[in-house]
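A.B. asks: One structure, as structure tokens, below. Some questions next.
Each value in this text was obtained by applying a stated rule to the coordinates, not by laboratory testing. Since the model is a prediction, treat every value here as computed from it, not as a measurement. Note: ideal-geometry Cβ built from the backbone for every residue, glycine included; neighbour counts use all protein chains shown.
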């Protein structure tokens with residue numbers, strides 16, 4: 001398990017999430033204009049690789065395990081967030097399959113936009129649970 005003081009865990013997790021921002025912005029920009037299907041597929045494959053690595057850093061002794069170490073009562077919330085990773089990887093695989101059959105650009109734009117919105121909510125949830133763990137770990141005074 002990666003050992004972080006609770007305060008740096010929250011900052012580290014936020015930094016990891018912020019690092020996804022440029023890739024997400026590039027994908028949104030690509031889909032906002034007329035794009036080639038090859039470019040769309042490449043961007044989706046790149047995002048999939050990036051998210052798989054990102055999720056691996058959070059799971060299995062990673063950042064989210066630190067949340068549980070600081071605040072065991074958040075274990076169920078963390079388990080739900082980790083299960084979201086599998087669902088999101090499946091959704092991303094379906095988006096890539098949609099890009100492979102090259103049907104409608106507007107359909108792909110809509111589907112990717114919805115996926116990125118779900119991802120943003122998920123990342124916000126992880127930041128919030130890390131913040132809650134930090135607040136739990138802070139000793140109270142009289």
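A.B. asks: Rounded to whole Å, give me the distance from the Cα center of the stretch 10-55 to that of the stretch 105-124.
C.D. replies: Rounded to whole Å, the Cα centres lie 11 Å apart.
A.B. asks: With every atom except the alpha carbons ignored, what do you get for Rg and Dmax of the chain, in angstroms?
C.D. replies: Cα radius of gyration and Dmax of the chain are 17.2, 64 Å respectively.
A.B. asks: Based on the mean of other Cβ atoms within 10 Å per residue, sort peptides 29-36, 110-117 so the most packed one is first.
C.D. replies: 110-117, 29-36
A.B. asks: Could you give the nm distance between label points at residue 8 and residue 109, where each point is 7 Å from its Cα heading toward the beta carbon?
C.D. replies: About 4.5 nm separates the two model spin labels.
A.B. asks: To the nearest 0.05, what FRET efficiency results for residue 48 and residue 75 with a Förster distance of 41 Å applied to their C-beta separation?
C.D. replies: Plugging the Cβ-Cβ distance into 1/(1 + (r/R0)^6) gives 0.90.
A.B. asks: Computed FRET efficiency, Cβ-Cβ of residue 34 and residue 87, R0 41 Å: what is it to the nearest 0.05?
C.D. replies: 0.85
A.B. asks: How far is helix 75-101 tilted, in degrees, relative to the longest principal axis of the Cα atoms in the chain, given as a value from 0 to 90 rounded to the nearest 10?
C.D. replies: 10
A.B. asks: By counting other Cβ atoms within 10 Å of each Cβ, how are 70, 89 ranked from fewest to most?
C.D. replies: Ranking 70, 89 by Cβ neighbours within 10 Å, fewest first, gives 89, 70.
A.B. asks: What is the packing order of peptides 47-58, 97-108, taking the mean over residues of other C-beta atoms within 10 Å and listing the highest first?
C.D. replies: 47-58, 97-108
A.B. asks: Just to confirm the number: angle between the C-alpha axis of helix 105-137 and the first principal axis of the chain, 0 to 90 degrees, nearest 10?
C.D. replies: 10
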